[in-house]
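Working notes, structure below.
Readers should treat all values here as calculations from the given coordinates under stated rules, not as data from a laboratory. Since the model is a prediction, treat every value here as computed from it, not as a measurement. No Cβ is skipped: glycine too gets one built from the backbone with ideal geometry, and neighbour counts run over all protein chains shown.
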Amino acid sequence: MGTVTIGVSIAVPEPHGSLLQQLRAGFGDAAAFGIPTHVTLLPPTEIDDTLLPAVEAHLTEVAAAGRPFPMRLRGTGTFRPLSPVVFVQVVEGGEDCSRLQQRIRDTSGPVARELPFPYHPHVTVAHGIDEAAMDRAYAELAGYEADWSCTGFALYEQGPDGVWRKLREFPFGGSTVPPQAGSVERGTISSR
């Protein structure tokens, strides 16, 4: 018996996920390839490993009650100076993400917890790097846009190597989560 660190998130589908991950690495964020590109629903949470089946059952219930919704990313934002983070903004689907994360963290569930900051759906593209690189990420992705239909979320576990690995997908209402590679969703980077 031990503990595991888990997280729940909505994956940013391909080709957007890999593109943003490569850009994040290019800005100098060493963690870029250990963290799949995502919108967080449950931040890193340490639990007793014996609770994993209860967590999976809870997430299955949350997903069963969910329905697909449109997600749109556009432009950049930052949490600086409170937190050294630059992100791509969720401009559509944010309210759906908020409802989902509340259900996941429900006080009667196995991962009930308070958050250190108010929930704000976003896609991190730079974290904890030097200020000049943060400024570059903010400027270079200001014209970024992508959209897709969110059809579920996934449970991830952080390994001892710091890499996050998907344990299981949870499709909404019995729908199927589409493959994350070869998607024909739209995404662009433009200068303003």
Please give the FRET efficiency for Phe33 paired with Phe79, using the beta carbon to beta carbon distance and R0 = 25 Å, rounded to the nearest 0.05. 0.70
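Hey, what number do you get for the chain at 222 nm if only DSSP H runs of n ≥ 4 count, each worth -39500 (n - 2.57), divided across all residues, to the nearest 500?
-7000 deg cm²/dmol
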At Ala132 and Glu169, where each label point lies 7 Å from the Cα along Cα→Cβ, what is the point-to-point distance in nanometres? 4.2
Packing-based order for 113-119, 130-136, 8-14, using average beta carbon neighbours within 10 Å, highest first: 8-14, 130-136, 113-119
Where in the stretch 91-119 does the amide nitrogen come within less than 18 Å of the point 7 Å from the Cα of Ile47, taken along Cα to Cβ? 100-116
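So for each of 147-157, 75-85 I average, over its residues, the number of other beta carbons within 10 Å; can you give me the resulting order with the highest mean first?
Final packing ranking: 147-157, 75-85.
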Report the gain in length on full extension from Glu157 to Thr107: 0.36 nm times residue separation, minus Cα-Cα distance, nm rounded to one decimal. 15.9 nm
How would the stretch 1-94 be classified by its alpha-carbon gyration tensor: rounded, prolate or oblate, with rounded meaning a/c under 1.5 and the a/b versus b/c comparison settling the rest? oblate
Run the quick spin-label model on Phe69 and Ala142: label points 7 Å from Cα toward the beta carbon, then report their separation in nm to one decimal. 3.0
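Net charge within 15 Å of Gly28 by Cβ-Cβ distance, Lys/Arg positive one each and Asp/Glu negative one each, not counting Gly28 itself? It would help to have the intermediate numbers written out before the result.
On the way: positive: Arg24, Arg136; negative: Asp29, Asp130, Glu131, Asp135, Glu140.
Here the count lands on -3.
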Give, as a single signed number, the net charge of other residues whose beta carbon lies under 12 Å from the beta carbon of Phe69, with Lys and Arg counted +1 and Asp and Glu -1. -1
Dipole of the chain, positive direction: furthest Cα of Pro15, Tyr144, Leu51, with charges on the beta-carbon: Tyr144
The stretch 136-169 residues near the modelled Leu19 label - backbone nitrogen below 20 Å, point 7 Å along Cα→Cβ: 136-151
